[in-house]
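Engineer: Here's a structure for you.
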């Protein structure tokens, strides 16, 4: 490989990593949602916590460490739908970025 090819290859690799970081930041931000007076981030941690709570009405700490009384079934439905929607969109964009590489 000559120098121009190496430079082009390294730029493409850098652009790919940069695009992956931007996608991560974009979709992590889209996981945020409001419910019952609190702010929540849809994700495995929240879904696991909600699944582990046998009672329907519990007090949980939201993203700002504010205690909020929530119905776990309602919050779980919202969190799961937000999570799945954003992960599907993230996958589509990630595959497009990977093809450009």
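Since every read-out is calculated from the coordinates, none of them should be taken as a lab result. Only a predicted model underlies this, so the values are computations on that prediction, with no experimental measurement involved. We place every Cβ from the backbone using ideal geometry, glycine too, and count neighbours over all the protein chains shown.
Engineer: Length gain on complete extension for the stretch residue 59 to residue 18, per 0.36 nm per residue less the alpha carbon to alpha carbon distance?
Structural biologist: Taking 0.36 nm per residue and subtracting the Cα distance, the gain is 10.9 nm.
Engineer: With labels modelled as points extended 7 Å from the Cα through the Cβ direction, what inter-label distance (nm, one decimal) is found for residue 48 paired with residue 2?
Structural biologist: Placing both labels 7 Å beyond Cα along the Cβ direction yields 5.3 nm.
Engineer: May I ask you to compute the full-extension gain from residue 26 to residue 81, defined as 0.36 nm times their residue separation minus their alpha-carbon distance, rounded to one decimal in nm?
Structural biologist: Values: separation 55, 0.36 × 55 = 19.80 nm, distance 1.75 nm.
18.1 nm is the gain from fully extending residue 26 to residue 81.
Engineer: Ok, one more. Out of every Cα-Cα pair in segment 3-100, what percent are more than 19 Å apart? Show your work: numbers first, answer last.
Structural biologist: Details: 2480 of 4753 pairs.
The answer is 52 percent, as a whole percent.
Engineer: By how many nm would the segment from residue 73 to residue 35 lengthen if fully extended, with 0.36 nm per residue of separation less the alpha-carbon distance? It would help to have the intermediate numbers written out before the result.
Structural biologist: Values: separation 38, 0.36 × 38 = 13.68 nm, distance 1.21 nm.
This chain segment gains 12.5 nm when fully extended.
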